[in-house]
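Engineer: Here it is, the structure in full.
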Amino acid sequence: MELELRHLRVLCTIADAGSVGRAAVMLGASQPATSTQLRRIEAHLGAPVFVRTSSGVEPTGFGLEVLAAARDLLARADGLGRQTVAGASPARRELRLAATNSPMLPGLLTRMRSRLPELRIAVSSVYRSSDIVKQLEQGSLDAAIAVDYPGIELRHSDAVEHRGIVTEPTFVALSAGHRLRNRPEVALADLADEPWFVTPDDGAGWPGVFYDACAAAGFAPAAVHEFLGDRGELRDMIAAGLGVSTVQATARPHPAVTIKALAGTPLRARYLLVWRPATVGGELAETLYTAAVAAYRELTAGSPHFETWAARTYWGARP
């Protein structure tokens with residue numbers, strides 16, 4: 001194999017995450033696939049980069065040298081992206097960026113404006129991922145954060161490229177006084193009789209994947225209220241005990257709402273960077289991707305329910 005930037009990124013992600021399992025979540029890959037890739041990289045390098053510990057993995061002495069070089073090379077590659085944009089014509093200095101319902105957008109924008117201050121970014125919100133694809137193919141967008149689901153990959157033409165940012169578990173939000181509030185995780189079937197707040201068709205597979213998961217758990221929701229509105233309003237309705245809702249794993253905690261992992265992780269969502277290669281070069285796409293990954297890592301660090309789930313699921317996983 002030839003060592004590529006993506007291999008260096010895998011090593012740095014494992015080092016940052018502290019375990020192969022948590023890194024797999026960040027990379028949007030399975031733990032076995034990430035472990036296999038690590039073994040191939042180490043075989044190519046000729047020595048172990050990490051050693052397994054009781055809480056995950058730690059770099060070896062050789063690994064520390066490799067990681068230092070990898071971070072330097074990735075930073076240089078990011079610098080090439082900056083030079084490319086800085087040298088572009090004025091017509092190419094605006095990036096038209098859209099995002100579906102993703103909390104990583106603020107962190108992504110902050111990092112992009114810090115890394116590429118000369119790049120003007122025009123932001124829009126587009127809920128349906130299929131509409132994002134349409135606008136990219138029509139040339140009215142340059143890049144976006146979209147979503148799809150395992151087994152239902154986002155469809156687009158050759159005029160568009162995509163790259164997975166992260167595949168995350170879907171959690172459930174309950175009122176702080178809910179009968180299941182003290183459980184470490186909640187079985188989907190235990191919520192069969194609850195009223196559900198469900199967001200509408202997102203053009204990528206939702207809410208079909210939700211209803212499929214309910215059917216696999218042996219029930220159809222007793223009551224469903226379609227909701228697409230202010231997150232604070234949804235939180236207040238859940239807090240009042242008017243229903244439950246699936247939420248993103250990085251949803252911010254609130255004292256009136258408890259967020260729980262679903263037992264067996266029956267629902268997952270993948271967030272994607274999608275872009276038009278005709279207007280977004282490889283270096284700029286790489287900068288967008290690294291900014292999105294860093295923004296997501298920051299979100300997980302501020303989500304105790306996610307950290308609890310990750311600890312229970314991945315800590316101590318074999319590399």
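Engineer: Do you know which of the residues in segment 22-47 that are in contact with a Pro (Cβ under 9 Å, 6 or more places away or on another chain) and not polar (S, T, N, Q) is farthest from ALA70 (Cα to Cα)?
Structural biologist: VAL25
Engineer: Which pairs do you get when a residue that is assigned to a loop (DSSP other than H, G, I, E, B), found in segment 220-242, comes within reach of a residue that is among the polar types (S, T, N, Q), reach meaning Cβ atoms under 6 angstrom, with the pair 6+ apart or on two chains?
Structural biologist: Going by the 6 Å Cβ cut-off, the qualifying pairs are LEU228/THR199; GLY241/SER175.
Engineer: Does ASP148 satisfy being closer than 28 Å to ALA24 by Cα, acidic (Asp, Glu) and in contact with a helix residue (DSSP H, G or I) (Cβ under 7 Å, 6 or more places away or on another chain)? Step through it out loud before you land on a result.
Structural biologist: Details: closer than 28 Å to ALA24 by Cα: yes; acidic (Asp, Glu): yes; in contact with a helix residue (DSSP H, G or I) (Cβ under 7 Å, 6 or more places away or on another chain): yes.
It is true that ASP148 is closer than 28 Å to ALA24 by Cα, acidic (Asp, Glu) and in contact with a helix residue (DSSP H, G or I) (Cβ under 7 Å, 6 or more places away or on another chain).
Engineer: Can you confirm whether segment 103-116 contains a residue that is small (Gly, Ala, Ser), in a strand (DSSP E or B) and not assigned by TED's automatic domain parsing to the domain that holds THR199? Please lay out each step first, then the result.
Structural biologist: Restricting attention to segment 103-116, the residues satisfying the condition of being small (Gly, Ala, Ser) are 107, 114.
Keeping just the survivors that are in a strand (DSSP E or B) gives none.
Within segment 103-116 (the criterion being small (Gly, Ala, Ser), in a strand (DSSP E or B) and not assigned by TED's automatic domain parsing to the domain that holds THR199), the answer is no, since none of the residues qualifies.
Engineer: So ALA310 fits all but one of (1) part of a loop (DSSP other than H, G, I, E, B); (2) modelled with pLDDT of 80 or more; (3) among the hydrophobic types (A, V, I, L, M, F, W, C); (4) not assigned by TED's automatic domain parsing to the domain that holds ARG120; what number is the exception?
Structural biologist: (1)
Engineer: Residues to consider are VAL244, VAL293, VAL274; find the one that is outside the structural domain of LEU174 (by TED's automatic domain parsing) and at pLDDT 95 or above.
Structural biologist: Numbers: VAL244 fails: outside the structural domain of LEU174 (by TED's automatic domain parsing); VAL293 fails: at pLDDT 95 or above.
Going through VAL244, VAL293, VAL274 in turn, just one is outside the structural domain of LEU174 (by TED's automatic domain parsing) and at pLDDT 95 or above: VAL274.
Engineer: Looking at segment 94-113 only, could you name the residues that are over 25 Å from ALA251 (Cα atoms) and without any contact (Cβ under 8 Å) to a residue 60 or more places away in the chain?
Structural biologist: To start, the set of residues in segment 94-113 that are over 25 Å from ALA251 (Cα atoms) comprises 94-96.
Correct list: GLU94, ARG96.
Engineer: Residues of segment 120-163 being acidic (Asp, Glu) and in a helix (DSSP H, G or I), which ones? Reasoning before the result, please.
Structural biologist: Keep residues of segment 120-163 that are acidic (Asp, Glu), which gives 131, 137, 142, 148, 153, 158, 161.
Correct list: ASP131, GLU137.
Engineer: Is there a residue being part of a helix (DSSP H, G or I) and of a type outside the set (Gly, Ala, Ser) anywhere in segment 263-278?
Structural biologist: The first filter runs over segment 263-278 and keeps only residues part of a helix (DSSP H, G or I), leaving none.
No, segment 263-278 contains no residue that is part of a helix (DSSP H, G or I) and of a type outside the set (Gly, Ala, Ser).
Engineer: For the structure I just gave you, tell me whether VAL126 is in contact with a helix residue (DSSP H, G or I) (Cβ under 6 Å, 6 or more places away or on another chain), under 22 Å from ASP230 (Cα atoms) and not assigned by TED's automatic domain parsing to the domain that holds PHE227. Lay out the reasoning, then the answer.
Structural biologist: Values: in contact with a helix residue (DSSP H, G or I) (Cβ under 6 Å, 6 or more places away or on another chain): yes; under 22 Å from ASP230 (Cα atoms): yes; not assigned by TED's automatic domain parsing to the domain that holds PHE227: yes.
Answer is yes for this residue.
Engineer: Then there's this: Give segment 153-189 a look and list any residue that's polar (S, T, N, Q) and over 30 Å from ALA98 (Cα atoms), or say none.
Structural biologist: Correct list: SER175, ASN182.
Engineer: Could you list, in sequence order, the residues of segment 209-218 that are surrounded by 14 or more Cβ atoms within 10 Å (Cβ to Cβ) and not in a helix (DSSP H, G or I)?
Structural biologist: So the first thing to find is which residues in segment 209-218 are surrounded by 14 or more Cβ atoms within 10 Å (Cβ to Cβ), and the list is 209-214, 217.
Hit for segment 209-218 is ALA217, nothing else.
The values are calculated or read from the model by the stated rules, or taken from the named source; none is laboratory data. Note that the structure is a prediction, hence the values are computed from the model and not measured. Counting neighbours? That spans all protein chains shown, and the Cβs are built from the backbone with ideal geometry, glycine included.
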